[in-house]
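Let me begin by presenting the structure, written as structure tokens, before commenting on it.
The values are calculated or read from the model by the stated rules, or taken from the named source; none is laboratory data. This one's a predicted model, so the numbers in the text were calculated from it and none came from an experiment. All Cβ positions, glycine included, derive from the backbone under ideal geometry; neighbour counts span all protein chains shown. Each accessible area value is taken on the protein alone, full model and side chains, heavy atoms only, with ligands, DNA and RNA left out. Shrake-Rupley method; radii C 1.70, N 1.55, O 1.52, S 1.80 Å.
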Amino acid sequence: EPEVTQTPSHQVTQMGQEVILRCVPISNHLYFYWYRQILGQKVEFLVSFYNNEISEKSEIFDDQFSVERPDGSNFTLKIRSTKLEDSAMYFCASSERPNTGELFFGEGSRLTVL
Amino acid sequence: AQKITQTQPGMFVQEKEAVTLDCTYDTSDQSYGLFWYKQPSSGEMIFLIYQGSYDEQNATEGRYSLNFQKARKSANLVISASQLGDSAMYFCAMREINSGYSTLTFGKGTMLLVSP
């Protein structure tokens, strides 16, 4: 069964360092997303991406964040200068269509900022 | 106001029993979708079931069914014949078509514990 894959599964970084989280969406999906979940809290939307550009972003997704699809398969989330409060589980997701049906999540990348 | 409300922080059920996890939602959109996800202790988000606002029949997927009551704005998840492996956090989520088609808004979740 096709799945969304994410790397790394866990990353520990120092405050102020840049972090890149990688995702490989399901191959025939066109819509890609990043969500995050701070420990013990609910899952929050960060950004959606379609046709090589951001289609929506939340207020959490400030100038420290960026997304990119550098090639035909990878979808990355970059945090330029990490803060303690960026510690969370980051989920990549993809879907075939934008407004109906299933949204498939990866297993998540746990980011710990020290 | 909360868009998705899950009033049960935790639920206990015995193996082989059925359990209902509550979810109510708030939207002024006519077109929306409702989702349930399972998050085991390992952390991944597993899609369980989807209900579109215009679907006339309640969605079912194996042991999962969604009790969709549009007038009450509720989308409860029913798990029949609970198994030990069902122990996990369960999240209800909504996607509003007119208010941002790609954004899923999640509830705070319900922790389900299945005992032998």
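Need the failing condition index for A:M89 against (1) out of contact with any Lys or Arg (no Cβ under 7 Å at 6 or more places or on another chain); (2) at the interface with chain B (Cβ under 10 Å from one of its Cβ atoms); (3) crowded, with 17+ Cβ neighbours inside 10 Å, just the number.
(1)
Test B:T27 against the stated conditions and say whether it is surrounded by 16 or more Cβ atoms within 10 Å (Cβ to Cβ) and within 10 Å of chain A (Cβ to nearest Cβ). Steps first, answer last, please.
On the way: surrounded by 16 or more Cβ atoms within 10 Å (Cβ to Cβ): yes; within 10 Å of chain A (Cβ to nearest Cβ): no.
No, not satisfied.
Quick one: A:V43 ticks every box in (1) of a type outside the set (S, T, N, Q); (2) in contact with a strand residue (DSSP E or B) (Cβ under 6 Å, 6 or more places away or on another chain); (3) more than 12 Å from chain B (Cβ to nearest Cβ) bar one, so which box is it?
All conditions are met except number (3).
Collect the residues in the stretch B:95-116 that are part of a strand (DSSP E or B), open to solvent by 10 Å² or more (accessible area, probe 1.4 Å) and within 16 Å of A:E44 (Cα to Cα), keeping them in residue-number order.
Within the stretch B:95-116, B:E96, B:T105 meet the criteria.
Can you say whether A:Y90 is modelled with pLDDT under 95 and among the aromatic types (F, W, Y), as far as the supplied structure shows? Working first, answer last.
On the way: modelled with pLDDT under 95: no; among the aromatic types (F, W, Y): yes.
Taking the combined requirement at face value, the residue does not satisfy it.
Table: residues versus (1) more than 14 Å from every other protein chain (Cβ to nearest Cβ); (2) under 19 Å from A:Q37 (Cβ atoms); (3) open to solvent by less than 10 Å² (accessible area, probe 1.4 Å); (4) in a loop (DSSP other than H, G, I, E, B).
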position	(1), (2), (3), (4)
B:F12	yes, no, no, no
B:K16	yes, no, no, yes
B:E56	yes, no, no, yes
B:F68	yes, no, no, no
B:A75	yes, no, yes, no
B:A93	no, yes, yes, no
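Among the residues of the stretch B:89-104, are any among the basic types (K, R) and touching a Ser or Thr at 6+ places or on another chain (Cβ under 6 Å)?
Step one: filter the stretch B:89-104 for residues among the basic types (K, R), giving B:95.
Those left that are additionally touching a Ser or Thr at 6+ places or on another chain (Cβ under 6 Å): none.
Checked against the condition, which is being among the basic types (K, R) and touching a Ser or Thr at 6+ places or on another chain (Cβ under 6 Å), the stretch B:89-104 yields no hits at all.
Yes or no: A:I60 free of Cβ contacts under 8 Å to residues at least 40 places away in the same chain and either in a strand (DSSP E or B) or within 13 Å of chain B (Cβ to nearest Cβ) (or both)?
Details: free of Cβ contacts under 8 Å to residues at least 40 places away in the same chain: yes; either in a strand (DSSP E or B) or within 13 Å of chain B (Cβ to nearest Cβ) (or both): yes.
The answer is yes for A:I60.
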